[in-house]
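Notes for the one structure printed next.
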Amino acid sequence: MFTGIVEELGAVVSVEPLTDAARVTVRGPFVTSDAKRGDSISVNGVCLTVVRTDDGTFTADVMAETLRRSSLATAGPGTPVNLERAARIDARLGGHLVQGHVDGTGAVLARDHSEHWDIVRISLPSALGRYVVEKGSVTVDGVSLTVVDVAPVDAADQWFAVSLVPTTLELTTLGRREIGDVVNLEVDVVAKYVERQLSWRDA
């Protein structure tokens, strides 16, 4: 479990394609300072399990399901990534409860700059539209964000907008994202549980 508060801006070192998976090595001196085999680290919102660490890098296996659902499928050496270690149970919850289970990807549709923040509009797969609400939480590339606007329910193309403060712009990949860039999305898991419970009640 994570909070969506990025601890370090790292970078992919290498990607080794496997038959139905990939082995990824990522540089992140801060998040690997106390990491050990079996620990969880969020990489652009994807929960990965550490296989080994070596001189400020860690290596993890990425299964086919993760490659299919996330932007890690197109990551290569030099790709910048947001990194966060798994949350401690005794730590402050600065963002919201993030599983590191990417639901799908979206693309940056628009970006409006102002003096102190950017408002970014991101496309949303239609199947995820019902889980995103104004003033609710959403995770974009592993960053916990508050939704400031959403497409109408009956819109043919679903989207949402978030406001990025200077710290987010400076310390995460979202400050560098351009129109057309693909981002990983994780919706609030509570909404999915509620929907599931209601479907059982009505069955």
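The values are calculated or read from the model by the stated rules, or taken from the named source; none is laboratory data. In this text, all values refer to a predicted model and were calculated from it rather than measured experimentally. FYI the Cβ positions are ideal-geometry reconstructions off the backbone, even for glycines, and counts take in every protein chain you see.
Taking the criterion of being touching a residue at least 24 places away in the same chain (Cβ under 8 Å) and either closer than 23 Å to Gly104 by Cβ or assigned by TED's automatic domain parsing to the domain that holds Gly180 (or both), the residues of the range 23-51 that qualify are Val24, Val26, Ser40, Ile41, Ser42, Val43, Asn44, Gly45, Val46, Cys47, Leu48.
Within the range 124-136, is even one residue modelled with pLDDT of 95 or more, of a type outside the set (Ser, Thr, Tyr) and part of a strand (DSSP E or B)? So far as the range 124-136 goes, no, none of its residues is modelled with pLDDT of 95 or more, of a type outside the set (Ser, Thr, Tyr) and part of a strand (DSSP E or B).
Glu84 meets all of the listed conditions (1) over 25 Å from Gly136 (Cβ atoms); (2) not in a loop (DSSP other than H, G, I, E, B) but one, namely (1). Within the option set Asp112, Asp54, Asp90, being surrounded by fewer than 15 Cβ atoms within 10 Å (Cβ to Cβ), within 16 Å of Asp181 (Cβ to Cβ) and without any contact (Cβ under 8 Å) to a residue 24 or more places away in the chain holds for one residue only, Asp112. All told, Thr105 meets the bar of being at negative phi, in contact with a Lys or Arg (Cβ under 8 Å, 6 or more places away or on another chain) and not in a loop (DSSP other than H, G, I, E, B). The set of residues in the range 35-49 being β-branched (Val, Ile, Thr) and either modelled with pLDDT under 95 or surrounded by fewer than 20 Cβ atoms within 10 Å (Cβ to Cβ) (or both) consists of Thr49 alone.
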